[in-house]
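Structure record follows, encoded as structure tokens.
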Amino acid sequence: MIFSICCSILIFVLLYLTTGLFNYSIIGGILMLLYGSLYANKVIKKYIDSQRLVTECANFINTFIISLSISNSLEMSYKDATTKISKQMEKAIKQKCKSLDVLDNLEMLQEYFKSTNYAVFLNILKMHINNGGNILEMSVNLQLELRRKEEIVNSIKQINNRKIYEFFTLWAFCLAIILFCRLGLNNIYAMMQSYFLFNYEIIFFFAFMVFSFHLFISSITNSIKKVI
């Protein structure tokens, strides 16, 4: 919500500085607030959560498997795997995992992780419980897949961070030019504003900037969906 409010105020200030049209600036600020609250905030939060869940799922599974191979106890392994967890996972456990049976609690966490790898982990664990065997050997391929997915997510994160830097640098440069013309070249800017369509072209510029931001965050968030 704070992100939406900040963007809304920024759009209002920039529109008013560059056009002097108070009503249009207010409308632009309100529309940006609605867009941020109803779409952008949720998408960005989902993107951040998706990255976190990949790492969290891998850590949980690896810790559980290693602990189980040592202690051969589901209860001890579950306790070890849930010792150092995020606040989100802690909240999910309190809400969903109320059974005394460890396997039931593990199955309830499937809804939290929403991962095919976690479903594979549950199947391997059930096979181990029913048929016995070395849990480390049984889960070798799963652990390799978890490591591979973590590496892919980290690579995507690095690429996306670079794209974010480039995107905001480009638009900051464009805005700096407009603000320089408005504040540094007052007389010339006033002459340009006397042209009937000039202010509307400025409004179109900001609308295009917001639309490009929409396409950008859609592209960034979709990149992580292919992995998960």
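The values are calculated or read from the model by the stated rules, or taken from the named source; none is laboratory data. This structure is a prediction, so every number in the text was calculated from the model and none was measured. Counting neighbours? That spans all protein chains shown, and the Cβs are built from the backbone with ideal geometry, glycine included. Accessible surface areas use protein heavy atoms only, side chains included; no ligands, DNA or RNA. Shrake-Rupley method; radii C 1.70, N 1.55, O 1.52, S 1.80 Å.
For the reader, a short list of remarks on this structure follows.
- Residue count for segment 94-128 satisfying the condition of being in contact (Cβ under 8 Å) with a residue 40 or more places away in the chain and open to solvent by 60 Å² or more (accessible area, probe 1.4 Å): 1.
- Matching residues in segment 56-83 - criterion: being without any contact (Cβ under 8 Å) to a residue 24 or more places away in the chain and either among the basic types (Lys, Arg) or open to solvent by 90 Å² or more (accessible area, probe 1.4 Å) (or both): Ile70, Asn72, Met76, Lys79, Thr83
- Segment 13-54: number of residues that are in a helix (DSSP H, G or I) and more than 26 Å from the chain's Cα centre (by Cα): 13
- Candidate set from segment 1-12 (those that are without any contact (Cβ under 8 Å) to a residue 40 or more places away in the chain and farther than 19 Å from Arg182 by Cβ); member that is farthest from the chain's Cα centre (by Cα): Ser8
- Listed by first and then second residue, the pairs with beta-carbon distance under 8 Å, at least 6 apart or on different chains, first residue in segment 150-166 and among the acidic types (Asp, Glu), second assigned to a helix (DSSP H, G or I) and open to solvent by less than 90 Å² (accessible area, probe 1.4 Å), are Glu150/Val54; Glu150/Thr55; Glu150/Ala58.
- The residues in segment 1-36 that are among the aromatic types (Phe, Trp, Tyr), open to solvent by less than 70 Å² (accessible area, probe 1.4 Å) and under 24 Å from Tyr195 (Cα atoms) can be counted, and the count is 1.
- Failed condition for Val210, given (1) within 20 Å of Asn23 (Cβ to Cβ); (2) without any contact (Cβ under 8 Å) to a residue 40 or more places away in the chain: (2)
Okay, residues lined up against (1) of a type in the set (A, V, I, L, M); (2) surrounded by 12 or more Cβ atoms within 10 Å (Cβ to Cβ); (3) touching a residue at least 12 places away in the same chain (Cβ under 8 Å):
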residue	(1), (2), (3)
Leu38	yes, no, no
Ser50	no, yes, yes
Lys87	no, no, no
Asn130	no, no, no
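- Test: residue in segment 203-214 that is outside any helix (DSSP H, G or I) and open to solvent by 40 Å² or more (accessible area, probe 1.4 Å): no
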